[in-house]
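Report on the following structure.
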């Protein structure tokens, strides 16, 4: 029985070794879910540093000295990128960061805060072994952050983000990897005009955690 | 022919191994969303990340308004994780931790370094027991139910640190890519209660949330 198990395990390793080589081949696609922008774009007073994919909604009840008020809240965050392998180990794609939060008090004005960033990203993978790769990535994103209180003028900021990083991708199977990386990024936000113009420049590092799904290509068909 | 043999062998190994995923005696580590109910807006209008999985970021912020220029250092840290032990086949108990921390420190005004600049620190800590039950649908797909009760606190600079009690339950699907790794997608319903004792204020958040994460399984008799 033990010998049979060893044979199966050896066969599994051989099969794995044959198939894992095709993870980052030319012609494949890759979808990633990852941490948010590693530096904290201040979406008009709302920091959301590490969202991956989240939806939450419900009610919030506040009781002060026996007086009760209620508010409805909705949160949505989505941070993803989609890539295509142009050549073996080198992919080009689009990165998207989206975040929206709203709070609607009973009988009060609705508050909405949102952030949207989109832009190109490239990655290069170095093979260390069949189940472990190191990648470098770089990209730039452009977008807007908005803060709106119902009944008053919307406050808008323009965003420009650029940066890069290195990371490790561990492949438990050929079509899936768990990623952990370190990024260095800059973010510029500009709002207002004339004497009311305000500029923020962020520069910093951050941990990037997420996972990737690989599909398509000659060996994936 | 060779490839078919490999596929068959792979399928046999997968089926034999897949049954061992949630057996008694195994351990499980999960990284997952923070909490769908952490929609807290803190002092200065800042809010902590509602769906933190695991993140650290730090850096500097230069802020210009008119002729004035301010510089800040910032650090953010978030972790949503749980560790479990399978006390019976498909039934695990463990501890769940949700932690978020943010610190912003004013360091310069108009090019002049300041020693005692304003500092804003916010952190939230919730810890408690969690129980999960897995129901196998196929060798690679399992349905799970979970219940979590958490206790903790939210620490603000204002000195009005509320105590937190949280109760949450949910259903999810765990897709096993391998005997030792699953990707999880679930939906939770819960309630989080914040008691600001000093201010005679209570806040209760009730709601649904999507739960995304992954789990690592290890240990147990099958790996000895």
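The ranking of A:114, B:153 by Cβ neighbour count inside 10 Å, starting from the fewest, reads B:153, A:114. Of the residues A:25, B:113, the one with the fewest other Cβ atoms within 10 Å heads the list, and the complete ranking is B:113, A:25. Remark: segment A:77-131 is approximated by an ellipsoid whose semi-axes, taken from the C-alpha gyration tensor as √(5λ), come to 40, 12, 6 Å, largest first. The translational diffusion coefficient of segment A:72-175, from Stokes-Einstein at 37 °C and 0.692 mPa s with a Kirkwood hydrodynamic radius over alpha carbon pairs, comes to 202 µm²/s.
This ranking places A:155, B:116 by how few other beta-carbon atoms lie within 10 Å of each, fewest first, which gives B:116, A:155. Its Cα gyration tensor gives segment B:99-202 an equivalent ellipsoid, and the semi-axes of that ellipsoid, as √(5λ) in whole Å with the largest first, are 40, 21, 8.
Every number here is computed from the coordinates shown, using simple stated rules; none is lab data. The model shown is predicted, which means the values in this text are computed figures rather than measured ones. So basically every Cβ, Gly included, is an ideal-geometry build from the backbone, and we count neighbours across all protein chains shown.
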